[in-house]
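Read through the structure below, which is laid out as structure tokens, and then see the notes.
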Amino acid sequence: MTPSHTPLAIEAVIFDMDGVLIDSEPLWRIAETQAMNAIGVPMKEEDGFLTMGLRTDEVVEFWYARHPWTTPSKKEVEGAITQGVIQLIGERGEPMAGVQDAIRLIQSLGLRIGLASSSSTEIIAAVLEKLGLSEVFDITQSAEHEPYGKPHPAVYIECARRLGVAPERCIAIEDSPAGTLAAKAARMQCIAIPAPELAGDRRYSIADHELRSLTELTAETLTA
């Protein structure tokens, strides 16, 4: 007899943040480029796609391995990126299309709502305040508290644990290949909303669903 692979009923939706809730991926690339160029690293904005979805410390390590510098310290460079992102979010941050409707839909279905982000707790707070979403999420989890960031599944597993929901009963919404891999490695279903610049990237093929934006999210997608 062929074993059943029918998905379990979904009890929670866990959002990634950057590029899913807020149009911040371009802001990250700007902040990273400015911080790296300031210390002599020849990074271009388009190079930011190489580290999309990673934690800030992992981004810094990525560039240090290729263009090591003496000063400032790695922690200081991380801080410069973080403060740059927060400033840009305050100045230019805009919600992604369909965010409010998606949240209302999830709430109407009685599902719990989590957030699992590679961004620091400080940046998460800045984004949620900017978007007026500070009271929406049952749990927010930053990968800064985990041994490894995405594509490691730790941030998703811990978010599900704190929600009190088995990972198999969670569906993650992601925009990056690293995040999509993290969600699937956590044994969750995954809705991928690829960044426009990565449309057609085969790494998204492991997702259970692929949408162009949150405006296409339906109850059927969440409960099928």
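Which shape class applies to the stretch 169-224: rounded if a/c is under 1.5, otherwise prolate when a/b exceeds b/c and oblate if not, where a ≥ b ≥ c are the square roots of the Cα gyration tensor eigenvalues? Cα axes put the stretch 169-224 in the oblate bin.
Rounding to the nearest 10 and keeping the result within 0 to 90°, find how far the Cα-based axis of helix 154-163 lies from the longest principal axis of the chain. Value to nearest ten degrees: 50.
Give the shape of the stretch 121-224 as rounded, prolate or oblate, defined through the alpha-carbon gyration tensor: a ≥ b ≥ c are the square roots of its eigenvalues, a/c under 1.5 means rounded, and otherwise the shape is prolate if a/b is larger than b/c and oblate if not. Note, shape of the stretch 121-224 comes out rounded.
A crude spin-label estimate for the pair K44 and A9, with each label 7 Å from Cα along the Cβ direction, gives 5.3 nm.
If packing is taken as the average number of other Cβ atoms within 10 Å across a peptide's residues, how do 14-20, 116-122 rank, most packed first?
For the peptides 14-20, 116-122, the packing ranking is 14-20, 116-122.
Can you tell me the FRET efficiency between E220 and S134 if r is taken as the Cβ-Cβ distance and R0 is 45 Å, rounded to the nearest 0.05?
On the way: r = 30 Å, r/R0 = 0.66.
Efficiency at R0 = 45 Å is approximately 0.95.
Let's see if you can work this out: charge +1 on each Lys and Arg Cβ, -1 on each Asp and Glu Cβ, no other charges. What is the dipole magnitude of the chain about its Cα centre, in debye to the nearest 20? Don't skip to the answer; put the middle values down first.
Values: 19 positive and 33 negative charges, 93 e Å.
Dipole size: approximately 440 debye.
Each stretch of four or more DSSP H residues adds -39500 (n - 2.57); spread over every residue of the chain, this sum gives -12000 deg cm²/dmol at 222 nm.
Here's the picture: charge each Lys and Arg Cβ at +1 and each Asp and Glu Cβ at -1 in the chain, and of I103, I157, M52 the one pushed furthest to the positive end of that dipole is I157. Among 41-47, 96-102, the peptide with the highest mean count of other Cβ atoms within 10 Å heads the list, and the full ranking is 96-102, 41-47. Between Q100 and R162, the modelled labels are 2.7 nm apart [label points 7 Å from Cα along Cα→Cβ]. Assigning unit charges at the beta carbon (Lys, Arg +1; Asp, Glu -1) and nothing else, what dipole magnitude in debye, to the nearest 20, does the stretch 63-127 show about its Cα centre? In total the dipole reaches around 200 debye.
Remark: relative contact order (the stretch 25-92) = 41 percent; criterion is Cα-Cα distance under 8 angstrom and separation of 6 or more residues. Paramagnetic label reach from Q83 (point 7 Å along Cα→Cβ; backbone nitrogen cut-off under 13 Å): within the stretch 25-41, residues 35. Prolate is the label for the stretch 25-92, because the ratio a/c of its alpha-carbon gyration tensor axes (a ≥ b ≥ c) is 1.5 or higher and a/b is greater than b/c.
Between T70 and Q34, the FRET efficiency from the beta-carbon distance, with R0 = 22 Å, is close to 0.70. For E25, the shell of other residues with beta-carbons less than 10 Å away shows a net charge of -3, using +1 for Lys and Arg and -1 for Asp and Glu.
A short reminder: the numbers here are calculations on the coordinates, not readings from a lab. All values reported here derive from a predicted model rather than from experimental measurement. Backbone-built Cβ (ideal geometry, glycine too); neighbour counts: all protein chains shown.
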